[in-house]
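The values are calculated or read from the model by the stated rules, or taken from the named source; none is laboratory data. Please read all numbers here as calculations on a predicted model, not as lab measurements. Cβ: placed from backbone, ideal geometry, glycine included. Neighbour counts: every protein chain shown.
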Amino acid sequence: MTALTALIFDIKKFAIHDGPGIRTTVFFKGCPLACSWCHNPEAIKPTRELVLFEEKCIACGECFRVCPQQAHERLADGTRVYHRDRCVLCGACTEVCYAEALVMEGREVTVAELMVDLRKDIPFYQNSGGGVTLSGGEPTLQHEFALALLQQCKAEGLHTAVDTSGQTPWRVFESLLPYIDLVLYDIKHIDGSSHQQHTGSDNGRILENLQRLGDSGTPIEIRMPVIPTINDDPEEIEGTARFLAGINGITKVEVLPYHKLGASKYARLGREYQLPEAQPPDPATMESIAGILRAHGLNVHVGS
Amino acid sequence: MPLDIGPEERIVGRPLLRLPTPSEARQIDAVHDTNESIPPFPGGDAGHFQPDFDKLFELGIGGLRREIESRRQHASAEQETFYQACGIAMAGFSRFVLRVADDCDDIELARACRQVATEPPATFHEGVQLMFLTIVALWFGEDHALTTPGRMDQTLRRLYEQDLVAGRTTPEEALELICCLYIQCNNILGPGSALSVLVGGRDRHGNDATCDLTYLCLAARQATRLVYPTVALAWHEGTPPELTDYACRMLRTGVGDPAFFNDELIVSGLRDHGVSVADSYDYMNSTCVEIKVVGSSHIWVTAPYFNCAQLMLDALDRATDDEVSAPATLEGFEQIVRDQFATAVRDAAQRLDAIWEARAQTGCFPLGSCLIDDCLERGLDFDRGGARYNWVENSFVGLANLVDGMIAIEHLIYDTGELSLGEFRQILQRDFADAEPLRQRILNRLPSYGNGDEGADATAAKWAGALIDITARHTVGPHAYVPGFFCWVMHGHLGADTGATPDGRRAGMALADGAGAAQGRERRGPTASVLSTTRWSHRAALGGLVHNVRFSKALLDNDAGLQAMRGVIETYLRRGGFEIQVNVVGADTLRAAQADPEAYADLLVRVAGYSDYFVHLDANLQAEVIARTEHTAA
């Protein structure tokens with residue numbers, strides 16, 4: 001029998017923005033949405049990807065030597081090119097790239113392997129009221145593994161949070177809920193067609209799942225990214241506020257200003273950033289959005 | 001010694017440190033002439049001095065003089081000379097204080113100085129005034145440089161509380177006077193040094209000692225924001241949560257203080273070294289982190305600084321002198337390294353004991369002896385065994401370089417066998433020229449200390465334990481030697497003269513700057529780093545050690561960040577960490593980190609919804625983070 005594994009792309013210790021206290025966050029690879037502003041583009045594909053950090057290259061030439069597919073090519077002028085279309089993600093180059101200019105994003109882990117890492121910071125969880133957060137990507141996409149991991153965390157008395165887009169079948173949530181202490185739930189658009197346009201999928205199930213989550217009694221923190229001209233229209237925010245006001249269990253709404261910090265990751269993945277012109281919202285816009293939500297009795301926090 | 005008193009000064013008595021006038025120059029020349037007639041000072045440590053302010057404040061200068069006289073009645077011939085010297089020193093101290101009084105234009109100040117020239121201080125102001133005059137007298141009168149205000153929230157507490165009850169002072173006025181004392185500390189000490197105040201902790205009965213003055217001493221640091229003194233907090237489980245909270249909020253402002261000292265650990269360590277239960281609570285960081293018992297110890301600190309990286313290279317040289325004798329096993333090489341350290345420790349101890357011996361033969365410190373127990377009781381000078389506690393604290397600089405280097409040697413020479421010791425030594429001698437992939441592999445692929453890696457941390461525990469053990473076992477003379485793992489600025493100085501090391505550090509680069517990860521080797525955040533540093537016992541390391549954490553301001557601008565920082569600090573201390581200091585940095589520092597990434601490898605910043613090492617971000621991201629930091633600060 002092969003052990004259950006998940007494809008993750010990061011384990012972040014000292015995560016202090018993913019639920020209460022000091023936490024360790026596991027980032028699952030693969031997401032059902034493809035938001036145009038996504039700052040974790042490496043999270044989207046449910047498969048491994050090769051990432052290039054050109055500035056770290058020490059020109060040792062090992063990648064040219066070991067690649068069985070000639071995906072790494074040295075040009076006449078000495079510069080290098082990576083043919084993503086030829087690459088079969090065998091990892092031979094990343095294995096010998098000691099300078100870490102070539103990095104394989106995504107690795108398979110078992111629950112047992114993850115737990116070794118997650119247990120290390122138990123003293124910090126205890127002293128700060130923290131725990132473990134499953135994020136991504138969309139952790140519920142790998143729900144069998146997520147369930148096993150959450151069960152193991154709860155069996156060991158760890159506080160658990162799941163950071164989700166909500167785009168997942170209800171039965172998946174239902175199976176996970178007994179092992180989740182806190183849900184961090186993203187709301188991007190209240191309007192279905194806008195949601196479709198900017199994230200690539202409809203929000204019907206997302207809103208319905210939130211309603212059901214609220215009724216289940218699980219504490220929920222809402223996260224709302226604010227992207228100027230895309231989802232900052234006051235009327236739409238008003239609609240979101242009305243909807244959220246009708247949901248049980250929401251302890252906090254965090255409005256998060258758009259930032260371009262993920263933009264440079266796209267080139268490393270050989271992709272194009274979809275919002276090159278977008279700018280972060282100004283603090284006044286953030287405050288006015290927070291005001292609209294607060295008027296509906298929501299506990300709003302403006303993030304950074 | 002000419003004095004310098006400014007018109008607005010409320011704590012007075014600082015020596016003249018500007019260019020002297022002709023008549024002042026004559027006074028100074030006279031002092032120099034006197035000094036010429038004294039045999040040269042053999043060296044060693046007489047500074048970082050912690051006088052017994054409790055006794056001085058209780059008896060006053062006059063009371064101490066009477067004690068000397070009364071003891072002199074029953075003295076032996078040798079003691080007679082000692083007491084005579086002490087009497088002269090205290091008379092001189094009293095005359096100095098009277099001279100300060102004479103120089104005061106302010107009537108109240110002059111009255112306060114006259115009072116403390118003979119009598120115990122009767123008010124808080126008089127107490128602070130006598131404290132400063134004592135510091136000046138010891139520092140400039142008897143070469144006890146870096147004499148500190150020490151645990152002033154305890155020594156001045158009685159006077160402050162009496163004043164408060166009597167309506168003689170207010171917290172605001174006390175704060176102002178403490179600020180005045182701090183400012184004077186800056187007036188008498190040039191740049192690049194250190195001076196310490198330690199607050200909190202416990203009293204001689206083991207009860208929490210937090211009082212209003214604890215907060216005022218911290219607040220004065222915040223208000224003055226000068227170089228000196230650092231104000232640290234002795235933290236224990238009974239420290240009031242609101243004091244911890246106050247300290248964390250202070251850190252958030254970027255003032256750099258307070259550092260947190262582990263009171264329970266240090267108290268236990270002192271008792272291990274024979275300090276009595278009551279005395280064990282009454283200790284100080286003598287300037288940076290080297291621990292001394294207040295008012296009753298003669299302890300040399302950072303004597304000397306050992307360069308762990310160089311000693312390891314020396315061992316490597318010795319092991320590769322003759323290829324035939326190169327050790328065939330890791331254990332064999334480890335033994336050579338241990339021998340190298342043992343020799344260095346023994347040689348240093350021999351040298352220092354000789355200096356101590358020479359000092360005891362040729363010199364004396366009568367004023368210091370009056371203010372260090374039990375010199376007067378024993379009738380013995382400070383340098384001749386008069387102090388209750390006498391030992392020498394050394395300091396090992398670059399523990400992480402040693403640990404990571406041993407890991408690399410284990411892997412490359414004894415596990416994979418891809419290199420011989422001699423080949424590796426040659427690569428190091430060439431400073432990794434033509435071996436950059438190997439260097440990158442050592443840096444990025446081999447486990448390293450500071451990341452919560454069990455194997456690497458076990459190696460660190462083994463070597464820290466070995467150095468502690470070597471210090472205890474390889475001393476020669478009458479004095480105990482106590483280990484420390486602290487570097488002050490020596491990691492830069494020593495590193496500059498040290499060739500490339502097996503851990504991938506290039507020649508000339510600084511050594512590790514604390515007891516934790518080497519620069520650039522910490523990759524898994526502050527929690528992993530704390531787990532590593534606390535993997536080995538710090539209890540014996542009274543010579544001091546530092547665990548550094550760096551956060552950007554923006555990371556701490558919300559309650560979650562503040563609480564997380566507190567979580568890191570408390571977890572470190574509860575796991576037996578000796579001392580932790582948090583540096584909170586702004587945009588200027590971020591720019592400096594861009595220019596010199598290796599020096600700022602552990603600088604943690606908030607990126608967006610997550611935190612990462614600043615130097616791990618690419619140029620665009622760094623620019624964004626700087627812009628945001630400036631925005632937050634505005």
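Only one residue in B:ALA344, B:ALA315, B:ALA319 is touching a Phe, Trp or Tyr at 6+ places or on another chain (Cβ under 9 Å) and over 16 Å from B:GLY398 (Cβ atoms). Which one? Reasoning before the result, please.
Values: B:ALA344 fails: over 16 Å from B:GLY398 (Cβ atoms); B:ALA315 fails: over 16 Å from B:GLY398 (Cβ atoms).
The unique qualifying residue is B:ALA319.
Please pick out the residue among B:ALA319, B:ALA234, B:ALA303 that is within 30 Å of B:GLY499 (Cβ to Cβ), buried (at least 18 other Cβ atoms within 10 Å of the Cβ) and in contact with a Lys or Arg (Cβ under 9 Å, 6 or more places away or on another chain). If you could, list the steps in order and put the result at the bottom.
Values: B:ALA234 fails: within 30 Å of B:GLY499 (Cβ to Cβ); B:ALA303 fails: in contact with a Lys or Arg (Cβ under 9 Å, 6 or more places away or on another chain).
After ruling out the rest, the residue left standing is B:ALA319.
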Task: Of the criteria (1) closer than 26 Å to B:HIS273 by Cα; (2) more than 22 Å from the chain's Cα centre (by Cα), which one B:MET312 fails - done: (1)
- [ ] Considering each of B:GLY62, B:GLY47, B:GLY13 in turn, give the residue that is assigned to a loop (DSSP other than H, G, I, E, B) and more than 24 Å from B:ILE355 (Cα to Cα).
- [x] B:GLY13
Open item on the list: Against the definition (surrounded by 22 or more Cβ atoms within 10 Å (Cβ to Cβ), over 12 Å from the mean Cα position of the chain (by Cα), away from every other protein chain (no Cβ under 14 Å) and more than 15 Å from A:THR218 (Cβ to Cβ)), how does A:LEU176 come out, yes or no?
Closed with: no
Task: Among residues of the stretch A:242-259, those that are within 13 Å of chain B (Cβ to nearest Cβ) and without any contact (Cβ under 8 Å) to a residue 60 or more places away in the chain, counted - done: 5
Task: Filter result (closer than 15 Å to A:ASN299 by Cβ, in a helix (DSSP H, G or I) and in contact with a helix residue (DSSP H, G or I) (Cβ under 6 Å, 6 or more places away or on another chain)) within the stretch A:233-253 - done: A:ALA241
Open item on the list: Just the residues that are outside any helix (DSSP H, G or I) and under 18 Å from B:SER529 (Cβ atoms), please, taken from the stretch A:120-137.
Closed with: A:ASP121, A:GLY130
Task: Every residue from the stretch B:565-610 that is among the small types (Gly, Ala, Ser), touching a helix residue (DSSP H, G or I) at 6+ places or on another chain (Cβ under 7 Å) and within 14 Å of another protein chain (Cβ to nearest Cβ) - done: B:GLY567, B:GLY576, B:GLY577
Task: Of all residues in the stretch A:138-186 being among the small types (Gly, Ala, Ser) and outside any helix (DSSP H, G or I), the one that is farthest from A:THR251 (Cα to Cα) - done: A:GLY157
TODO: State the number of residues belonging to the stretch A:260-283 that are among the charged types (D, E, K, R) and crowded, with 18+ Cβ neighbours inside 10 Å.
DONE: 3
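If you check B:GLY150, B:GLY192, which single one turns out to be under 22 Å from the mean Cα position of the chain (by Cα), touching a residue at least 40 places away in the same chain (Cβ under 8 Å) and buried (at least 18 other Cβ atoms within 10 Å of the Cβ)? Don't jump to the end; show me each part of the working.
Values: B:GLY192 fails: buried (at least 18 other Cβ atoms within 10 Å of the Cβ).
Just one listed residue meets the conditions, B:GLY150.
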Open item on the list: Just to verify a result, which residue in the stretch A:105-157, among those that are in contact (Cβ under 8 Å) with a residue 40 or more places away in the chain and of a type in the set (S, T, N, Q), is farthest from B:GLY576 (Cα to Cα)?
Closed with: A:GLN142
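Could you check how many residues of the stretch A:77-89 are aliphatic (A, V, I, L, M) and free of Cβ contacts under 8 Å to residues at least 12 places away in the same chain?
First pass over the stretch A:77-89, keeping only residues aliphatic (A, V, I, L, M): A:81, A:88-89.
Okay, now just the ones that are also free of Cβ contacts under 8 Å to residues at least 12 places away in the same chain, so A:81.
Residues meeting the conditions: 1.
Report yes if B:LEU562 is within 14 Å of chain A (Cβ to nearest Cβ), over 28 Å from B:ARG271 (Cβ atoms) and touching a Cys at 6+ places or on another chain (Cβ under 7 Å), otherwise no. Give the derivation first.
Values: within 14 Å of chain A (Cβ to nearest Cβ): yes; over 28 Å from B:ARG271 (Cβ atoms): yes; touching a Cys at 6+ places or on another chain (Cβ under 7 Å): yes.
In short, yes.
Here is a yes/no grid of residues against (1) among the aliphatic types (A, V, I, L, M); (2) without any contact (Cβ under 8 Å) to a residue 12 or more places away in the chain; (3) farther than 15 Å from A:CYS97 by Cβ:
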position: A:LYS12; (1), (2), (3): no, no, yes
position: A:GLY19; (1), (2), (3): no, no, yes
position: A:LYS29; (1), (2), (3): no, no, yes
position: A:PRO32; (1), (2), (3): no, no, yes
position: A:SER36; (1), (2), (3): no, no, yes
position: A:VAL51; (1), (2), (3): yes, no, no
position: A:PRO68; (1), (2), (3): no, no, yes
position: A:LEU75; (1), (2), (3): yes, yes, yes
Open item on the list: So, in the stretch B:70-108, exactly how many residues are within 28 Å of B:GLN361 (Cα to Cα) and assigned to a loop (DSSP other than H, G, I, E, B)?
Closed with: 4
Open item on the list: What's the total number of residues in the stretch A:1-14 that are hydroxyl-bearing (Ser, Thr, Tyr) and assigned to a loop (DSSP other than H, G, I, E, B)?
Closed with: 1
- [ ] Would you mind finding the one in B:ALA303, B:ALA344, B:ALA319, B:ALA309 that is of a type outside the set (Ser, Thr, Tyr), assigned to a loop (DSSP other than H, G, I, E, B) and in contact with a Leu (Cβ under 8 Å, 6 or more places away or on another chain)?
- [x] B:ALA303
Open item on the list: Among the residues of the stretch B:491-519, what is the count of those that are surrounded by fewer than 22 Cβ atoms within 10 Å (Cβ to Cβ) and within 19 Å of B:ASN583 (Cα to Cα)?
Closed with: 1
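Conditions (1) surrounded by 17 or more Cβ atoms within 10 Å (Cβ to Cβ); (2) β-branched (Val, Ile, Thr); (3) outside the structural domain of A:HIS259 (by TED's automatic domain parsing); (4) under 20 Å from A:THR133 (Cα atoms), marked per residue:
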site: A:PHE28; (1), (2), (3), (4): yes, no, no, yes
site: A:ALA34; (1), (2), (3), (4): no, no, no, no
site: A:GLU55; (1), (2), (3), (4): no, no, yes, no
site: A:GLY61; (1), (2), (3), (4): no, no, yes, no
site: A:PHE64; (1), (2), (3), (4): no, no, yes, no
site: A:ASP85; (1), (2), (3), (4): no, no, yes, no
site: A:ALA101; (1), (2), (3), (4): yes, no, yes, no
site: A:ALA112; (1), (2), (3), (4): no, no, no, yes
site: A:LEU118; (1), (2), (3), (4): yes, no, no, yes
TODO: Having 2 or more residues that are more than 24 Å from the chain's Cα centre (by Cα), away from chain B (no Cβ under 14 Å) and not polar (S, T, N, Q) is the bar; report the strands (runs of 3 or more DSSP E) wholly within the stretch A:15-94 that clear it.
DONE: A:72-74, A:80-82
Open item on the list: Considering only the stretch B:255-263, I want to know if a residue exists there that is free of Cβ contacts under 8 Å to residues at least 40 places away in the same chain, under 30 Å from B:VAL549 (Cα atoms), outside any strand (DSSP E or B) and of a type in the set (Gly, Ala, Ser).
Closed with: no
- [ ] Name every residue in the stretch B:540-562 that is of a type in the set (A, V, I, L, M) and assigned to a strand (DSSP E or B), in order of residue number.
- [x] B:LEU545, B:VAL549
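So is B:ARG445 within 14 Å of another protein chain (Cβ to nearest Cβ) and at pLDDT 95 or above or not? Lay out the reasoning, then the answer.
Numbers: within 14 Å of another protein chain (Cβ to nearest Cβ): yes; at pLDDT 95 or above: yes.
In short, yes.
Taking the stated definitions as given, is B:LEU198 touching a strand residue (DSSP E or B) at 6+ places or on another chain (Cβ under 7 Å), within 28 Å of B:HIS236 (Cα to Cα) and aliphatic (A, V, I, L, M)? Show your work before the answer.
Numbers: touching a strand residue (DSSP E or B) at 6+ places or on another chain (Cβ under 7 Å): yes; within 28 Å of B:HIS236 (Cα to Cα): yes; aliphatic (A, V, I, L, M): yes.
Against the criterion (touching a strand residue (DSSP E or B) at 6+ places or on another chain (Cβ under 7 Å), within 28 Å of B:HIS236 (Cα to Cα) and aliphatic (A, V, I, L, M)), B:LEU198 qualifies.
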- [ ] Have a look at B:LEU380, B:LEU367, B:LEU352 and point out the one that is modelled with pLDDT of 95 or more and assigned to a helix (DSSP H, G or I).
- [x] B:LEU367
